[in-house]
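Engineer: Please read through the structure below; I'll follow up with questions.
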Amino acid sequence: MSIECDLILPCRNEAAALPQVFASIPDGFRVIVVDNGSVDDTAEVALGLGATVVSESQPGYGSAIDAGLSRATAPFVAVMDADGSFDGADLEPLLALVVNGDCDLALGRRRPTSIGVWPWHARLGNGLIVWWLRHRWGFVARDLAPMRVCRRDALVGLAVADRRFGYPVELLQKAVQAGWRIAELPVTYGPRAAGTKSKVSGSVVGTMRAARDFARVLS
Ligand SMILES: Nc1nc2c(ncn2[C@@H]2O[C@H](COP(=O)(O)OP(=O)(O)OP(=O)(O)O)[C@@H](O)[C@H]2O)c(=O)[nH]1
Ligand SMILES: [Mg+2]
C-alpha cells in the first residue's frame, strides 16, 4: 500500500510516551519522529517502533516540524504532539477532509477529557491568539490546533519561518492570508503520558514563553 500521509511527531524527551502514541496511530501513516535535543532514548524507542527518525540540532517546535517536512514525501502531511495527549485515531477523519477536497487545512479542536488537562493559562493564551487571528484575519477555527493535516506541497509553499513556538500561529495566519479553506473537527485531548515532562504550556512560565513566541509572529 502506498503511503498517502506522512505524520510528523516533534519529540523532545518523549521516549516514555511513544509506545502509547504509536499504538493509537492508524495504518497508512508513515511516522517521522523528529528528535530535537532529547536526553532520553527517544530516537532508539522511535526506531524500535518502526519510525523514520530525523535528528534536528536546532531546538524549537518549528525547527522540528520543518525538519520533518523536509523528510516527508507523501502527498499529505499530518502533525501531532507526541506527549501522549492526542489520540492518533483522530487523524483519519481530518485526513479524509483534505483528501476529499473539503478543505485545504484540517484542524483538530481540542476537547479536554477532564478538568486540569488543559490548564487555564494555556487555554487563555490559546483563546487570545485565536481571537486575534479571527478579528485581524478572519480565521474561522477555535483552536491553535497542535493536530493538523494538509497537502505537503501546499505547506512547503507557505514557507513558515518561525522555528520556535510561534510556528503554529504563523502557519494559521499565512494559511488564512493565502485563502486556504480551513475546517476543524473535535479531537480528544488527554493528560500527557506518565513519565513525560511539560515542555511548553504545562506551567505559567512555559505559557508565558510560548506567548512571547506567539506575539513575535503576529501581525
Ligand atoms: N523537536 C522538538 N519538539 C519539541 C520541542 N519542544 C517541545 N517539543 C514537542 O512539541 C510537542 C508539544 O510540546 P508539549 O510539551 O506537549 O507542549 P504543550 O502541549 O503546549 O504543553 P505541555 O504538554 O503541558 O508541556 C511535544 O511533542 C514535544 O515533544 C523542541 O524544542 N523540539
Ligand atoms: Mg502537550
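Engineer: Could you grab me the full set of residues in region 20-39 that are over 16 Å from L91 (Cβ atoms) and exposed (fewer than 15 other Cβ atoms within 10 Å of the Cβ)?
Structural biologist: Of everything in region 20-39, just one residue is over 16 Å from L91 (Cβ atoms) and exposed (fewer than 15 other Cβ atoms within 10 Å of the Cβ), namely V39.
Engineer: How many of the residues making up region 164-209 are farther than 22 Å from G88 by Cβ and within 9 Å of ligand 1 (Cβ to nearest atom)?
Structural biologist: 5
Engineer: Pick out the one residue from G101, G84, G68 that is more than 20 Å from A194 (Cβ to Cβ) and within 16 Å of ligand 1 (Cβ to nearest atom). Walk me through it before giving the result.
Structural biologist: Details: G101 fails: within 16 Å of ligand 1 (Cβ to nearest atom); G84 fails: more than 20 Å from A194 (Cβ to Cβ).
Among G101, G84, G68, only G68 is more than 20 Å from A194 (Cβ to Cβ) and within 16 Å of ligand 1 (Cβ to nearest atom).
Engineer: OK, next. Looking at P191, is it within 13 Å of ligand 2 (Cβ to nearest atom) and under 18 Å from the mean Cα position of the chain (by Cα)?
Structural biologist: yes
Table: residues versus (1) in a loop (DSSP other than H, G, I, E, B); (2) touching a residue at least 24 places away in the same chain (Cβ under 8 Å); (3) over 28 Å from A16 (Cα atoms).
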{"position": "I115", "(1), (2), (3)": "yes, no, no"}
{"position": "F139", "(1), (2), (3)": "yes, yes, yes"}
{"position": "P168", "(1), (2), (3)": "no, yes, no"}
{"position": "Q173", "(1), (2), (3)": "no, yes, yes"}
{"position": "V176", "(1), (2), (3)": "no, yes, yes"}
{"position": "W180", "(1), (2), (3)": "yes, yes, yes"}
{"position": "E184", "(1), (2), (3)": "no, yes, yes"}
{"position": "A193", "(1), (2), (3)": "yes, yes, no"}
{"position": "V205", "(1), (2), (3)": "no, no, no"}
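Engineer: Could you tell me whether region 75-83 includes any residue that is touching a Phe, Trp or Tyr at 6+ places or on another chain (Cβ under 9 Å), in a loop (DSSP other than H, G, I, E, B) and either modelled with pLDDT under 95 or of a type outside the set (D, E, K, R) (or both)?
Structural biologist: yes
Engineer: Okay, moving on. Among R30, R12, which is the only one that is among the basic types (K, R), within 18 Å of the chain's Cα centre (by Cα) and under 22 Å from V156 (Cα atoms)?
Structural biologist: Testing whether each residue is among the basic types (K, R), within 18 Å of the chain's Cα centre (by Cα) and under 22 Å from V156 (Cα atoms) leaves just R30.
Engineer: Next question. For residues that are more than 20 Å from G127 (Cβ to Cβ) and either crowded, with 22+ Cβ neighbours inside 10 Å or under 13 Å from the mean Cα position of the chain (by Cα) (or both), tally how many sit in region 140-186.
Structural biologist: Total satisfying the criteria: 5.
Engineer: Would you call S85 in contact with a Gly (Cβ under 9 Å, 6 or more places away or on another chain), surrounded by fewer than 19 Cβ atoms within 10 Å (Cβ to Cβ) and of a type in the set (G, A, S)?
Structural biologist: No; evaluated as a whole, the condition is false for this residue.
Engineer: Looking only at region 12-43, which residues are in a helix (DSSP H, G or I), in contact with a strand residue (DSSP E or B) (Cβ under 9 Å, 6 or more places away or on another chain) and away from ligand 2 (no atom under 16 Å from the Cβ)?
Structural biologist: Here is the first cut: in region 12-43, the residues in a helix (DSSP H, G or I) are 18-23, 42-43.
With the extra rule that they be in contact with a strand residue (DSSP E or B) (Cβ under 9 Å, 6 or more places away or on another chain), the set shrinks to 18, 21-22, 42-43.
Within region 12-43, F22, A43 qualify.
Engineer: Right, here's the next one. Kindly establish whether G127 is under 24 Å from M208 (Cβ atoms), within 16 Å of ligand 2 (Cβ to nearest atom), surrounded by fewer than 19 Cβ atoms within 10 Å (Cβ to Cβ) and small (G, A, S).
Structural biologist: In short, no.
Engineer: Restricting to region 40-58, and then to whatever is touching a residue at least 24 places away in the same chain (Cβ under 8 Å) and within 12 Å of ligand 1 (Cβ to nearest atom), can you tell me which residue is nearest to G88 (Cα to Cα)?
Structural biologist: Within region 40-58, the match that is nearest to G88 (Cα to Cα) is A46.
Engineer: Further question: One residue is enough: does region 139-161 have a residue meeting the conditions of a type outside the set (D, E, K, R) and over 24 Å from A78 (Cβ atoms)? Write out each step before concluding.
Structural biologist: The initial filter retains those residues of region 139-161 that are of a type outside the set (D, E, K, R), namely 139-141, 144-147, 149-150, 154-161.
Among the residues that remain, those that are also over 24 Å from A78 (Cβ atoms) are: none.
Looking through region 139-161, none of the residues is of a type outside the set (D, E, K, R) and over 24 Å from A78 (Cβ atoms).
Engineer: Which of the numbered conditions does D213 fail, given that it passes all the others? Conditions: (1) in a helix (DSSP H, G or I); (2) at pLDDT 90 or above; (3) of a type outside the set (K, R).
Structural biologist: The failed condition is (2).
Engineer: Here's a follow-up. Which members of region 44-81 meet the condition of being away from ligand 2 (no atom under 16 Å from the Cβ), out of contact with any strand residue (DSSP E or B) (no Cβ under 6 Å at 6 or more places or on another chain) and closer than 22 Å to L97 by Cα?
Structural biologist: If the condition is that a residue be away from ligand 2 (no atom under 16 Å from the Cβ), out of contact with any strand residue (DSSP E or B) (no Cβ under 6 Å at 6 or more places or on another chain) and closer than 22 Å to L97 by Cα, then L69, T73, P75 are the ones that fit.
The values are calculated or read from the model by the stated rules, or taken from the named source; none is laboratory data. What you see is a predicted model, and the numbers here were worked out from it, not measured in a lab. Please note: Cβ atoms are built from the backbone with ideal geometry, for glycine as well, and neighbour counts cover all protein chains shown.
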